[in-house]
1. Take the residues in the range 148-188 that are modelled with pLDDT under 95 and among the acidic types (Asp, Glu); name whichever of them is farthest from His294 (Cα to Cα).
2. Looking only at residues that are touching a Ser or Thr at 6+ places or on another chain (Cβ under 7 Å) and of a type in the set (Gly, Ala, Ser) in the range 286-311, which one is surrounded by the fewest Cβ atoms within 10 Å (Cβ to Cβ)?
3. Just for the range 190-229: of the residues that are buried (at least 19 other Cβ atoms within 10 Å of the Cβ) and touching an Asp or Glu at 6+ places or on another chain (Cβ under 6 Å), which one is nearest to Arg29 (Cα to Cα)?
4. Could you tell me which numbered condition Gly172 fails, if it satisfies all but one of (1) free of Cβ contacts under 8 Å to residues at least 60 places away in the same chain; (2) buried (at least 18 other Cβ atoms within 10 Å of the Cβ)?
5. In the range 251-266, which residues are buried (at least 19 other Cβ atoms within 10 Å of the Cβ) and either under 20 Å from Phe146 (Cβ atoms) or among the aliphatic types (A, V, I, L, M) (or both)?
6. Out of (1) part of a loop (DSSP other than H, G, I, E, B); (2) buried (at least 19 other Cβ atoms within 10 Å of the Cβ), the odd one out for Ser232 is which?
7. Being at positive phi and among the polar types (S, T, N, Q) is the filter here, so list the residues in the range 243-271 that pass it.
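The values are calculated or read from the model by the stated rules, or taken from the named source; none is laboratory data. Note that the structure is a prediction, hence the values are computed from the model and not measured. Quick reminder, even Gly has a Cβ in these numbers, built from the backbone with ideal geometry, and neighbours come from all protein chains shown.
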Amino acid sequence: MNNPDSSNAFVVLPPLSEHGVIFGKNSDRPQGEVQEIIYFSSDDSLQTRKCTYVEVELSGPTKAVILSKPNWMWGAEMGANECGVVIGNVPITTNHSNGDDDDPKVKRLLGADLVRLGLTGSSTASEAVEVITTLLEKYGQGGPCFNDTDFCAHNSFLIADSKCAWVLETVGKHWAAEQVTKGYRNISNVLTITTNIDKKSEDLLEYAKAHGFWDGNGDFNFAEAFNKKEASSACFKAGKKLLENFTASNNFKETDMFAILRDDQSEICKPCDAKFPTQCSQVSVLSSDRPSVHWFTGTAHPSKSVFKPFVFTKNPAISKHTQCLSENVSIVCCH
């Protein structure tokens, strides 16, 4: 099972950013796959929800959300909710995929399902971590995350609000989370949490020792324990370098995040003829003293696309042209 070198997510926090917390993500998906931008209002009538493959119980009313999602699945690549929480995920393959609870080929919750469930069920980034990890431990994760392939993976999440950000990385039902309160952070298709673990699944260390990934000596390093040896960190390193360069002025703006997502040389932005082109992009400016603004391209190749803003209001108007009428459609990337 080869891991596509796809999708990158970024966050920049004060004092490096000019106006609040700035989040960005490129969604790299198979050629021809359609990605929709869809608004869903809040709902207090649901007790269960049928996700892509499995049904889950809901713990309360859902928040209104704006989602960027492949048209064939229930879940989302990225999105935001009415409370100013944003989430994006990227697929990762780990060195452990054996056993019923850890096999990513078994159809359970997709990482994209957890993105949507985290957004509809949370008011803060910290609460989103709790929502996702509770569902992960109860239902597990797995199943094909591309419509026409058997590629399956575990997941890494970047979660943010106007106060802080969290990186949440997973191996089956096991997980580690790192809080980010200043500076910048990015995720790509490798595990990036090392020894700075602020929250974790209860039996994580015992699990790692039992399967020979940690000998119990020294500080536990999550990425060192579970990353596949052949996993490439090129995109992660390139993204980190871009963040370093663009934040050097301590005046990082949403236009700087646009530029990072449009960077062709680093392959953060992947062209339309790539196996996994960048099919949609999101940038969010999260503020506690004014409305948060969420920018989406809704189209492929951000360096040739326009970012369009969305703000949560009482009765938002969303174009009908951002949603597909059928799952059985594909697109040709052109501008």
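1. Asp150
2. The residue in question is Ser288.
3. For the range 190-229, the residue satisfying everything is Leu191.
4. Looking at each condition in turn, Gly172 falls short on (1).
5. Met257, Ile260, Leu261 - these are the residues of the range 251-266 that are buried (at least 19 other Cβ atoms within 10 Å of the Cβ) and either under 20 Å from Phe146 (Cβ atoms) or among the aliphatic types (A, V, I, L, M) (or both).
6. Unmet for Ser232, out of (1) part of a loop (DSSP other than H, G, I, E, B); (2) buried (at least 19 other Cβ atoms within 10 Å of the Cβ): (2).
7. Of everything in the range 243-271, just one residue is at positive phi and among the polar types (S, T, N, Q), namely Asn250.
Residue-by-condition table, conditions (1) within 14 Å of Val54 (Cβ to Cβ); (2) of a type in the set (Val, Ile, Thr):
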position	(1), (2)
Thr134	no, yes
Tyr139	yes, no
Pro144	yes, no
Thr149	no, yes
His154	no, no
Ile159	no, yes
Lys163	no, no
Val167	no, yes
